[in-house]
Amino acid sequence: MIFRIILAAAIGLFAASPALAHLDPSEHGSFAAGFTHPVFGTDHVLAMIAVGLWAALLGGRAIWTLPSAFVGAMIAGFALSLAGLPLPSVEPVILTSVIVLGVAVALAVQLPLGASAALVATFGLCHGYAHGGEMGAAGVLGYAAGFVLATVLLHAAGLLIGYGANIATRNDPAAATRIIRGIGALTALGGLYLTAA
């Protein structure tokens, strides 16, 4: 049972292809272009789901704080990009976010809530900056609404995976933690793969 869940998660994590093109806003609209930007980027998908998984592992206020910190900082990063202000090493930090968040989940890292939120926010800032850098001719509000909604849904997917693992193994809470940590390990490996690709 546990092996099947981890295998299904692995297939899902690696199914998204970085080769998919982002939608053209003139053809599909600004909202669709924004929504698909994180969804079509494997690095974004892995990191954003990992935020939800880590929040599920930490529980309590982290369930809202970590996703909120990421989204808030992501919007700030988007604004920095639109303003033309430099933010160094954006792409390397995004790839690092996949590995670090995957490791945080895999090791069930327990940091103080403020430190966890600050780490997640740092990564969110870079993800948002990247969204802004690839906005093209899209309208700002529609594009931003699209990528914010996609990000919230990816965080929610991570949380739901965590809760699903708990429900599937309700008679064995330790098994749920092992499943979530296993997915975190796969996420970190996915980040390493993307770094090498």
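Since every read-out is calculated from the coordinates, none of them should be taken as a lab result. Since we're looking at a predicted model, the values are computed, not measured. Neighbour counts are summed over all protein chains in view; Cβ atoms, including those assigned to glycine, are modelled from backbone coordinates with ideal geometry.
Brief remarks on what is shown
- Using only side-chain charges placed at the Cβ, +1 for Lys and Arg and -1 for Asp and Glu, the dipole size of the chain relative to its Cα centre rounds to 660 debye.
- Neighbour-count ranking [beta-carbon atoms within 10 angstrom, fewest first] of Asp43, Asp172: Asp172, Asp43
- Global size of the range 33-158: 13.4, 42 Å for Rg and Dmax (C-alpha atoms, Rg to one decimal, Dmax whole).
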